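Peer 1: This is the structure I want to talk about, given as structure tokens.
Coordinate-derived values only; no laboratory data. Please read all numbers here as calculations on a predicted model, not as lab measurements. All Cβ positions, even for glycine, are placed from backbone atoms using ideal geometry, and neighbour counts span all protein chains on display.
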């Protein structure tokens, strides 16, 4: 029995299973966890919770699993309006002949905001509470995220040619600095520098990037080694592999987030080990664009932090992190030839605890631990496709339909209850998506 009297809390959730995703804590059965002032208390066995807290609201979820809110570590949310716009193409053809021309024709802050609204609703509905977004017009993304109640790492788009956001790399850095001043202390919005890729950022710009990241104290997220062609091109143009070039530019450290990394040799692995840089794995996008396979099992064996991302809906074509977990787990087994590679609990960790660590928030998110932010989800496992539940982690990764996500909380606020969003207007978002589809279809037909 605790020595002090039970304390008043806003909410107590009783669950069949709790997956804390904390080192040393197993999956808990018939436990409860409390939320108060945006933070977590507990967990405790249901039979003991009354000794610790008196809740103003009790939520019995006795067929559900509770786990940390999912963290989508790489996304292009505004591109959700390009879902299905150009399919079945290799990366550079897809980019140069379809996506970049479409962006030049259509992308503006209103377009990005509309795409982000659609993305936020899709992500919340499938259990994502935090995402990293690398796309044009980040100043239009931030208010949408605030409206949705989610969390975001805004990776400002930096590239050596003009875009709808910035006319040059230098202007992109100036706009980044303005955003950092505006959102530097925001509880749900953080900033990162988002240079597109080594093949679109020259050596002078890499020097400026390194100066900016140190001056602004920001992490860097960048597409790196997405394809074999990128590596071959880097060798031909610079005489070394792109990752080595980034290392020589003094960019690789524990705050560098390398997205994709489908091409890794022994020297690349040694650089990752030496610098502590992280990898963000986007398996479905890599498969769809035939970009290659990130050797996740080998990375994890070497102690490299690996998070999980969907990439944008234009190349995935959804933002479903449970689907991404399953693909990552199955792909790791096929690539390594080891059926034990990336078991279900490790896949869940990539989408929760490890994602939080890669994005620099592992000290307060990604685990169901007392004192952590109350970012969590409830998943109803009482469904034909997940029964019987011998091991909840297995059900979540290998059998789940993400529509089984029933509840989502961010900072203790419920954003999805019994499958219904509390802040976002689904019908209005659907109408907005159809509006842009008609505009883009007319443009395609005229072209």
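Peer 1: With each run of n ≥ 4 DSSP H residues scored as -39500 (n - 2.57), what mean residue ellipticity at 222 nm is computed for the chain after dividing by its residue count and rounding to the nearest 500 deg cm²/dmol?
Peer 2: -10500 deg cm²/dmol, from helical runs alone.
Peer 1: Within 10 Å, count the other beta carbons around each residue, average over each peptide in 126-138, 183-195, 428-440, and list them highest first.
Peer 2: The packing order, highest mean first, is 126-138, 183-195, 428-440.
Peer 1: Please find, in a Gaussian network model of the chain (springs between Cα atoms separated by less than 10 Å), the residue of 78, 42, 202 whose mean-square fluctuation is greatest.
Peer 2: Of the options given, 202 has the highest mean-square fluctuation.
Peer 1: Using a Debye calculation, one point per C-alpha and no hydration shell, please list log10 I(q)/I(0) for segment 328-447 at q = 0.13, 0.22 Å⁻¹ in order.
Peer 2: At q = 0.13, 0.22 Å⁻¹ the computed log10 ratios are -0.77, -1.22.
Peer 1: Relative contact order, percent, of the chain when contacts are C-alpha pairs under 8 Å separated by at least 6 residues?
Peer 2: The value is 20 percent.
Peer 1: When the chain is fully extended, how far beyond the present Cα-Cα distance does residue 8 get from residue 363, taking 0.36 nm per residue of separation?
Peer 2: 125.3 nm
Peer 1: At 7 Å along Cα-to-Cβ for each site, give me the label-to-label distance between residue 229 and residue 168 in nm.
Peer 2: 3.0 nm
Peer 1: Another question about this same structure. Per-residue counts of other Cβ atoms within 10 Å, averaged by peptide: what ranking do you get for 282-293, 331-342, highest first?
Peer 2: Order by mean packing, descending: 282-293, 331-342.
Peer 1: Tell me the label-point distance for the pair residue 37, residue 301, using the 7 Å Cα-to-Cβ offset, in nm and rounded to one decimal.
Peer 2: Placing both labels 7 Å beyond Cα along the Cβ direction yields 4.8 nm.
Peer 1: Subtract the Cα-Cα distance of residue 217 and residue 445 from 0.36 nm times their separation in residues, and report this length gain in nm to one decimal.
Peer 2: Result for the pair: 77.5 nm of gain on full extension.
Peer 1: Please give the residues of segment 324-342, grouped as numeric ranges, whose backbone N is less than 19 Å from a label point set 7 Å along the Cα-to-Cβ vector of residue 394.
Peer 2: Counting backbone N atoms under 19 Å from the label point, the list is 325-334, 338-342.
Peer 1: Calculated FRET efficiency, residue 290 and residue 267, Cβ-Cβ r, R0 25 Å, to nearest 0.05?
Peer 2: For R0 = 25 Å, the calculated efficiency reads 0.55.
Peer 1: Further, regarding this structure: What FRET efficiency would be calculated for the residue pair residue 401, residue 47, taking the C-beta separation as r and a Förster radius of 41 Å, to the nearest 0.05?
Peer 2: For R0 = 41 Å, the calculated efficiency reads 0.80.
Peer 1: Under 15 Å from a point placed 7 Å out from the Cα of residue 318 along the Cα-to-Cβ direction: which residues of segment 127-171 have their backbone N that close?
Peer 2: Those under the cut-off are 127-128.
Peer 1: Continuing with the same structure: Taking R0 as 35 Å, what's the FRET efficiency between residue 438 and residue 185 from their Cβ-Cβ distance, rounded to 0.05?
Peer 2: With a Förster radius of 35 Å, E is 0.30.
Peer 1: Quick check: residue separation of residue 236 and residue 250 times 0.36 nm, minus the Cα distance between them. What number comes out in nm?
Peer 2: Value of the extension gain: 2.9 nm.
Peer 1: Could you check what % of the DSSP bridge pairs in the chain are antiparallel, to the nearest 5?
Peer 2: For the chain, the DSSP antiparallel bridge percentage is about 40.
Peer 1: Given points 7 Å out from each Cα along the Cα-Cβ axis, report the residue 413 to residue 97 separation in nanometres with one decimal.
Peer 2: Spacing of the two 7 Å Cα→Cβ label points: 4.5 nm.
Peer 1: Once segment 227-282 is represented by equal point scatterers at the alpha-carbon sites, with solvent omitted, what log10 I(q)/I(0) does the Debye formula produce at q = 0.18, 0.20, 0.27, 0.28 Å⁻¹?
Peer 2: Debye curve over Cα of segment 227-282, log10 I(q)/I(0) at q = 0.18, 0.20, 0.27, 0.28 Å⁻¹: -0.56, -0.70, -1.22, -1.29.
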